[in-house]
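In what follows, a single structure is set out as structure tokens and then discussed.
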Amino acid sequence: MVMPNNERVGRGLDAVRDGIRGACEAEWSAHYGDGWLSEVQSRDRGATGAGDPSDVSFLLKGMMNTWQEVWRFRLGPAERAYTTELRDFRNSWAHQSQFSTDDA
């Protein structure tokens with residue numbers, strides 16, 4: 001059976017989440033201390049509810065919202081562009097956009 005492109009994108013986003021979660025938690029903890037979760041969440045002006053490090057959206061938004069304080073010292077402009085692109089794909093996926101095979 002052929003996997004739909006949206007499912008491929010969803011699985012890819014799960015892999016991204018699993019791949020970046022540990023690094024995000026370590027960097028934010030080192031920079032903000034034990035209150036890192038609240039601190040990262042506070043950077044998201046449109047957020048409702050508690051921050052969830054098991055949510056790829058929280059991680060990607062958190063990276064973008066803390067870029068100048070945390071990530072620019074570890075990652076370069078290309079990685080920032082990838083982070084933005086991944087966030088855009090996540091948003092399109094969450095709003096049930098259709099993906100081409102090339103996009104998937």
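The values are calculated or read from the model by the stated rules, or taken from the named source; none is laboratory data. Everything quoted here is computed from the prediction, not taken from an experiment. Glycine gets a Cβ as well: all are built from the backbone with ideal geometry, and neighbour counts include every protein chain shown. Note: accessible area is taken over every heavy atom of the protein model, side chains too, but ligands, DNA and RNA are not part of it. Shrake-Rupley method; radii C 1.70, N 1.55, O 1.52, S 1.80 Å.
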Tell me which residues, restricted to the range 50-70, are assigned to a loop (DSSP other than H, G, I, E, B), open to solvent by 40 Å² or more (accessible area, probe 1.4 Å) and not hydrophobic (A, V, I, L, M, F, W, C).
Asp52, Ser54, Asp55, Gln68, Glu69
Tell me yes or no: at least one residue of the range 24-44 is among the small types (Gly, Ala, Ser), within 25 Å of His95 (Cα to Cα) and more than 15 Å from the chain's Cα centre (by Cα).
yes
Which numbered condition Asp88 misses (of (1) out of contact with any Gly (no Cβ under 9 Å at 6 or more places or on another chain); (2) open to solvent by 90 Å² or more (accessible area, probe 1.4 Å)):
(2)
For residues in the range 1-49 being among the polar types (S, T, N, Q) and open to solvent by less than 60 Å² (accessible area, probe 1.4 Å), which is farthest from Leu60 (Cα to Cα)?
Asn5
Scan the range 10-19 and give yes if some residue there is within 15 Å of the chain's Cα centre (by Cα), in a loop (DSSP other than H, G, I, E, B) and on the phi < 0 side of the Ramachandran plot, otherwise no.
no
Pairs, first under 17 Å from Asp14 (Cβ atoms) in the range 80-96, second among the polar types (S, T, N, Q), C-beta under 7 Å, six or more apart:
Arg90/Ser57; Trp93/Asn6
